[in-house]
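Read through the structure below, which is laid out as C-alpha cells, and then see the notes.
The values are calculated or read from the model by the stated rules, or taken from the named source; none is laboratory data. In this text the structure is predicted, and so the values were computed from the model without any measurement. Glycine also receives a Cβ, built like all others from the backbone with ideal geometry; neighbour counts cover every protein chain displayed.
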Amino acid sequence: MDFRDTPQEAAFREEVRDFIAKECPPELRSPEGGEWGMLSGEGRPMSERRRQWRKKLLEKGWIAPAWPKEYGGGGLTVKEQFILNEELAKARAPRFLDVGIGWVGPTLIVHGTEEQRRRFLPPILSGDEIWCQGFSEPNAGSDLANVQTRAVRQGDYYVVNGQKIWTSLAQYAHWMILLCRTDPNAPKHKGLSYLIVDMKSPGITVHEMTTMAGTRIFCQVFLEDVRVPVTHLVGEENRGWYVATTTLDFERSLVHLPIEYRQITLSLVDFARSHAPAHQRPLVRAALAERLIETEVAYNLSLRVVSLQARGIVPNYEASMVKLYCSELEQRIAATGMRLLSLYGQLNAREDPWAPLQGRVARMYLFSVAATIGGGTSEIQRNIIAVRGLGLPRGD
C-alpha cells in the first residue's frame, strides 16, 4: 500500500482544500459537521447558509462523489473519494450524510430500474426528499434475515404488514427502503424482498423514540395493510437479501471517523494543557497519547480498505475490522474525555458556558453506547473476522 498521493491525487487534494477555503464560511464548520438531508441530526430545518453550501457541493458533484456522473454524482475514483472525505472532515465542513445519498442512491444505481433511478435519484441529490431505512425489527437486528414484516402481492400492489424499529428520522422521511418477507416458506435469506415505500401511505404510523442523549432521531414504524406498487420493487422478488447487503456495504464505510476521532482527541489535549491538575498530568498525558496512537491505527485500517477498493477488490473482513476497531475506539475516547472533564463532562448543551468543548464530550459519551451495536454488533464483526479472515470454523 502506497501512502503517498500520486501527482493527480495531490492536485485533487489541493483543489478540495481551495474549494473549502473559498466556499465554506468558517461559521459553518464544527466538530459535528455531518447533516441529515435537509434537516439537522435533531430534526431542525437547515439554515440558508447550509443550503447554499450544499448547492455548491452539488454543482461540483461532491454531494454524491461515488455516483456516476450520468446520475449527478462526481464519478470520483476510490482514492479521490477518500481524499474528499478526509479534507472535509479535517476542515470540519458539513458533509450531508444521509440515507438517500449514502445508501439508497448507490443501491438503486446497482439494482434499480432506469425508471426508478430517474424518479428517485434527482430529489435525493437536491435534498428535496428525505429517506429512512426500514430494516431492523424488534426480533431482527443483528440477525437481519429474520425479519417478519410480510408483503403479500395482490395484483399490481404488495400489501405490507409489520413493524420496524430504530428507523432514523422516519418522522420526517418521504420514502422508506423496506426489507420484508414475501415467501414465508423459503429459507430466511431467500424469501425476502426490497421495496420502496411512500411514507404518506395510509396504514403507516410513526412513533418517535427519545434517546438517552435527549434526541429524537430513532422511531418505531408500524405498517398495517400498506399498499406498495409492484413497480417499487427493487431487484427481484424473494432476492431482496442480496439487494440489502449492497446497502449494508455502503452503510459500513467509515473512512471519515478516524479523522473526527483525532480532532476530538486533540481538543482534549488542548483542554488538558490548561485545566488538568499538575499531579494528574502524567496519567492524562499517557491516556491521551494512547488515544492518538489508536486514531492513527484506525486511519491506517481505513487506508487498507481504500487500497483494496482502488484495486477492484471488495473488502470483506477488512471492513469489519475497521467497523469493530472504530466503534470500540469511540467508546474509549469518550470515556477518556469524561474522566478528564470530571463532573463538567456531564454538560452537553452547546450554548452552556460551563460546558467544556461545547458539550461535545458528553454527547459523544451518550451516543457511543450504541457504537458497538448499530451497523452490526461487535460480536457479529468478530464472527466475520474469525470465519472470513482467520478461516476459523463457524459455530453452531
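Observations on the structure shown:
- Number of positions in the stretch 57-74 that are without any contact (Cβ under 8 Å) to a residue 60 or more places away in the chain and surrounded by 16 or more Cβ atoms within 10 Å (Cβ to Cβ): 10
- Selection from the stretch 354-393 of residues that are of a type in the set (S, T, N, Q), touching an Asp or Glu at 6+ places or on another chain (Cβ under 9 Å) and part of a loop (DSSP other than H, G, I, E, B): T372
- Check on T336, touching a residue at least 40 places away in the same chain (Cβ under 8 Å), under 30 Å from Q116 (Cβ atoms) and not in a loop (DSSP other than H, G, I, E, B): no
- Residue in the stretch 150-181 that is modelled with the lowest pLDDT, counting only those that are among the hydroxyl-bearing types (S, T, Y) and farther than 15 Å from L223 by Cβ: S168
- Residues (more than 24 Å from I313 (Cα to Cα) and not in a helix (DSSP H, G or I)) located in the stretch 71-121: G72, R92, A93, P94, R95, F96, L97, D98, T113
- Every condition in (1) of a type in the set (D, E, K, R); (2) closer than 16 Å to V243 by Cα; (3) under 22 Å from the mean Cα position of the chain (by Cα) holds for D128 except the one numbered (2).
- Whichever residue in the stretch 192-223 is modelled with pLDDT of 95 or more and part of a loop (DSSP other than H, G, I, E, B) and, among such residues, is surrounded by the most Cβ atoms within 10 Å (Cβ to Cβ): M199
- Tally, over the stretch 237-249, of residues that are of a type outside the set (A, V, I, L, M), touching a strand residue (DSSP E or B) at 6+ places or on another chain (Cβ under 8 Å) and not in a strand (DSSP E or B): 5
- Just one residue in the set S168, S136 is within 21 Å of the chain's Cα centre (by Cα) and either within 30 Å of L347 (Cα to Cα) or surrounded by fewer than 14 Cβ atoms within 10 Å (Cβ to Cβ) (or both); that residue is S168.
- Per-region count, the stretch 130-146, residues farther than 19 Å from S193 by Cα and modelled with pLDDT of 95 or more: 0
- Look at the stretch 206-222: where a residue is basic (K, R) and a partner is part of a strand (DSSP E or B), sitting 6+ places away or on another chain with Cβ atoms under 8 Å, you get R216/E208; R216/M209.
- Checked against the criterion of being charged (D, E, K, R), at pLDDT 90 or above and farther than 30 Å from Y317 by Cβ, the stretch 250-267 contains not a single residue that satisfies it.
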